[in-house]
1. Can you tell me which residue in region 1-56 is farthest from LYS81 (Cα to Cα), limited to those that are polar (S, T, N, Q) and over 17 Å from the mean Cα position of the chain (by Cα)?
2. Out of the residues in region 10-30 that are touching a Leu at 6+ places or on another chain (Cβ under 7 Å) and of a type in the set (D, E, K, R), state the one that is least open to solvent (accessible area, probe 1.4 Å).
3. Look through region 243-258, keep the residues that are open to solvent by 60 Å² or more (accessible area, probe 1.4 Å) and in contact with a helix residue (DSSP H, G or I) (Cβ under 8 Å, 6 or more places away or on another chain), and return whichever of them is nearest to ALA24 (Cα to Cα).
4. Check region 109-126 and report whether any residue there is touching a residue at least 40 places away in the same chain (Cβ under 8 Å), hydrophobic (A, V, I, L, M, F, W, C) and either open to solvent by less than 30 Å² (accessible area, probe 1.4 Å) or more than 23 Å from LYS81 (Cβ to Cβ) (or both).
5. Which residues, taken from region 146-181, are among the hydrophobic types (A, V, I, L, M, F, W, C) and in contact with a Ser or Thr (Cβ under 7 Å, 6 or more places away or on another chain)?
6. Assess whether VAL210 counts as being touching a residue at least 40 places away in the same chain (Cβ under 8 Å), buried (at least 16 other Cβ atoms within 10 Å of the Cβ), in contact with a helix residue (DSSP H, G or I) (Cβ under 8 Å, 6 or more places away or on another chain) and not acidic (Asp, Glu).
7. Have a look at PHE55, PHE7 and point out the one that is of a type in the set (Phe, Trp, Tyr), at pLDDT 85 or above, open to solvent by 50 Å² or more (accessible area, probe 1.4 Å) and part of a helix (DSSP H, G or I).
Amino acid sequence: MDQYDKFVLDTAVKAGRILLASGAEIYRVEETIKRISRYYGMDASSSFVLSSGIFLTAENQQNEIYAQVKHIPLAGVQLCKVAEVNKLSREIEEGRWTVEEAWVHLEEIEHMAGKRAYTRMAASGLGAACFCYVAGGNIWDSLAAFAAGLLLYVFILWAEKRERPMSKIVLNIAGGFLATFLSVVLYKIGLGSNLSAIVIGAIMPLLPGVSFVTSIRELADSNYIAGSVRMLDTLIVTCGIAIGVGLVYILYHRLTGGIML
């Protein structure tokens, strides 16, 4: 197989890898790989995608076989990258990109910077405040949830920048513990009167809502392996948060001899 054909398939796999690492659905990854391969002349290609890996084989007119396997660990959802790769694949079919240009653009998408730290902190606080209000809190409860959600994301940003990354289970246990602890402290100093609503709002930035919806879509599309893996990942994250919340409740009860709620 000549270098051009290999480069085309490498480009298709790279696009699929970015999508899968960014939380895209299996059908979207397979469709993108197929679109790119087909447009650049590799019609006889077949991809098999799992939640943590891509398998691609292809055959040219000389009956030469190409095969590639890529392992992609489960990571956080980055919808901006999914949108950019989707846009690129459709523009490729319209003839706007050569394969070399497409590769360069994929490199840019892969290293695309996320939202700024203060934007993510503000979004976390605002989301916590809104969910607190929906859960029955008043304006003061929402303000307490805003502060807890904002400080929670300061911790998450610190954990992301550590030289040795924190495991997902430990991160979510610690996050659930911190969010609940901050909620209790703010409640005890008189900021807010509905502790349950404050805690509900404060832990919302940790909940894997997009991953849960994606797992349901995978199961509905009969991608049972991918759907089950994502569902299990979602449940592990949720259990970690619940453990963190429960630890604060237990410690508070033991230290004060009373019940918070």
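The values are calculated or read from the model by the stated rules, or taken from the named source; none is laboratory data. These figures come from a predicted structure and were not determined experimentally. Every residue, glycine as well, gets a Cβ built from its backbone with ideal geometry; the counts of neighbours run over all protein chains shown. We work out accessible area using only protein heavy atoms, side chains counted, and drop any ligands, DNA or RNA first. Shrake-Rupley method; radii C 1.70, N 1.55, O 1.52, S 1.80 Å.
1. Within region 1-56, the first condition is being polar (S, T, N, Q), and the residues that meet it are 3, 11, 22, 32, 37, 45-47, 51-52.
Those still in the list that are over 17 Å from the mean Cα position of the chain (by Cα) too: 3, 11, 32, 37, 45-47.
Working: GLN3: 28, THR11: 16, THR32: 13, SER37: 20, SER45: 24, SER46: 24, SER47: 21 Å.
Among those that are polar (S, T, N, Q) and over 17 Å from the mean Cα position of the chain (by Cα), it is GLN3.
2. Per the stated criteria, the residue is LYS14.
3. Looking only at region 243-258, we keep the residues that are open to solvent by 60 Å² or more (accessible area, probe 1.4 Å), and these are 243, 247, 249-251, 253-257.
Among the residues that remain, those that are also in contact with a helix residue (DSSP H, G or I) (Cβ under 8 Å, 6 or more places away or on another chain) are: 243, 247, 249.
Details: ILE243: 28, LEU247: 34, TYR249: 36 Å.
So the residue we want is ILE243.
4. Yes, region 109-126 contains at least one residue that is touching a residue at least 40 places away in the same chain (Cβ under 8 Å), hydrophobic (A, V, I, L, M, F, W, C) and either open to solvent by less than 30 Å² (accessible area, probe 1.4 Å) or more than 23 Å from LYS81 (Cβ to Cβ) (or both).
5. Filtering region 146-181 down to residues among the hydrophobic types (A, V, I, L, M, F, W, C) leaves 146-148, 150-152, 154-159, 166, 169-171, 173-174, 177-179, 181.
Residues satisfying the conditions are ALA148, LEU150, LEU152.
6. Working: touching a residue at least 40 places away in the same chain (Cβ under 8 Å): yes; buried (at least 16 other Cβ atoms within 10 Å of the Cβ): no; in contact with a helix residue (DSSP H, G or I) (Cβ under 8 Å, 6 or more places away or on another chain): yes; not acidic (Asp, Glu): yes.
Judged against the criteria, VAL210 is not a match.
7. On the way: PHE55 fails: part of a helix (DSSP H, G or I).
When all the criteria are applied, what remains is PHE7.
Yes/no per residue for (1) outside any helix (DSSP H, G or I); (2) within 21 Å of LEU247 (Cβ to Cβ); (3) in contact with a Cys (Cβ under 7 Å, 6 or more places away or on another chain); (4) open to solvent by 70 Å² or more (accessible area, probe 1.4 Å):
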residue: LEU143; (1), (2), (3), (4): no, no, no, yes
residue: PHE155; (1), (2), (3), (4): no, yes, no, no
residue: GLU163; (1), (2), (3), (4): yes, no, no, yes
residue: MET166; (1), (2), (3), (4): yes, yes, no, no
residue: ASN172; (1), (2), (3), (4): no, yes, no, no
residue: VAL184; (1), (2), (3), (4): no, yes, no, no
residue: ALA197; (1), (2), (3), (4): no, yes, yes, no
